[in-house]
1. Take each of the peptides 215-225, 78-88, average the number of other beta-carbon atoms within 10 Å over its residues, and list them starting from the highest.
2. Can you say what percent of the DSSP beta bridges in region 45-330, counting only those with both residues inside, are antiparallel? Round to 5.
3. Of the listed peptides 99-107, 303-311, 63-71, what is their order by residue-averaged count of other C-beta atoms within 10 Å, with the highest listed first?
4. Contour minus end-to-end for Arg315 and Arg163, with contour as 0.36 nm per residue of separation and end-to-end as the Cα-Cα distance?
5. Taking the highest mean first, how do the peptides 317-327, 126-136 order by number of other beta carbon atoms within 10 angstrom per residue?
6. Around Leu54, which amide H atoms from residues at least 5 apart in sequence, or from another chain, sit under 5 Å from its own amide H, with H modelled in the peptide plane?
7. Where Lys and Arg each count +1 and Asp and Glu each count -1, what net charge lies around Asn308 among other residues with Cβ under 13 Å from its Cβ?
8. By a straight-distance test (C-alpha under 12 Å), which aspartates and glutamates pair with Lys148 as possible cross-link partners, with residues fewer than eight away in the same chain excluded?
Amino acid sequence: MSAFSRNARAAPLRQRLQPVRQALRRSLPGFLLSRLPVTGEMMGPPPAVRHAVLVCSLPRAGSSWVGRILGLGEDALYLREPLTQSYLRHLGPGTPPFFEWEMCRDRHAYDRLAELAFRGIPRFPPTVVPYPRQWSLRRRRSKHLVVKEVNPLVARRFWDRFRPKLVLLVRHPVSVARSFHALGWTGDQLSGRFRAETLTAFHRQAPLPAENRYWAQSGAFQAIAQNVVAEGLRDIDHLVVRYEDLCTDPVAEFERIFAYCELAFRPAIRDEVLRSSQADPAYAPGRYDTVRNSRAMATRWKSEVAPNDIADVRRGYFACRPLFYTDAADW
């Protein structure tokens, strides 16, 4: 057998399928084609994606606003919660959307969803792929993948596997607690999200609040989450953004985020930042909004949460060694 024949037989399957992929790309619109279970895999990742960006935060911390603005860029391919939404749909009601990796109930499914998302295969529902026109094969060249997720507790796992530019968004614990409460997410905030070893370590420092003390338990879980995330990210480059800073000076903060992510902050993006931060829609805590009066949002919790509940959040929060919002001026 000739050396040429041996090399041809040993060529990777993806290389041998290249003519098939090219024919498929010519025959059907790229976005629709890439959603198909078989052809989407054969097509592989976008032709020349420069790198991925991961925007992550706890739920109700403003990541939908940040993800949407980043995803509007001409050089972006945006996926909104591809893992969380698909994972919750896979396992059904009662599944915590954020957890330490050891608490994942179906690790194979979660890893499979991550592979699809970070390979840039948009085989997800329309709520995950809000801008399908971005995904045509002709438009994908030299773009950045932007993934917005709400499980920062596994951010290190994403970084180890895919090396994204990582933006961590944090928000005042009372704001998050108020939003959870408005949505009825007032059950146990700890046991389904953290390993027993993690909770035991914090319990040794101070007794953790019981499940029937929602506000104190909410403060505790947010402080514990900060510590878990910080430990995972301590030796890697990432950008921390405070939601309150984003609300106070949205143009400057978004410009900083775009620069870190190596995305172009064009005039149209700046105009959308201003539009989305200066509007004043009818507001209700817990509602999903990406348009807001941002200055009012920064400290609205002070007038909407009872003083006793704020005090409970603070007690639970400071008992668990928080890393953010620790100055008296923050409260």
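Only the coordinates and a few stated rules stand behind these numbers; no lab work does. All figures in this text were calculated on a predicted structure; none of them were measured in a lab. Virtual Cβ from ideal backbone geometry, glycine too; neighbours counted across all protein chains shown.
1. Sorting 215-225, 78-88 by mean packing, highest first, produces 215-225, 78-88.
2. Of those bridges, close to 5 percent are antiparallel.
3. Per-residue mean Cβ counts within 10 Å order the peptides as 63-71, 99-107, 303-311.
4. 51.1 nm
5. Descending mean neighbour count gives 317-327, 126-136.
6. Residues meeting the amide H criterion: Val147, Lys165, Leu166, Val167.
7. +1
8. Glu81
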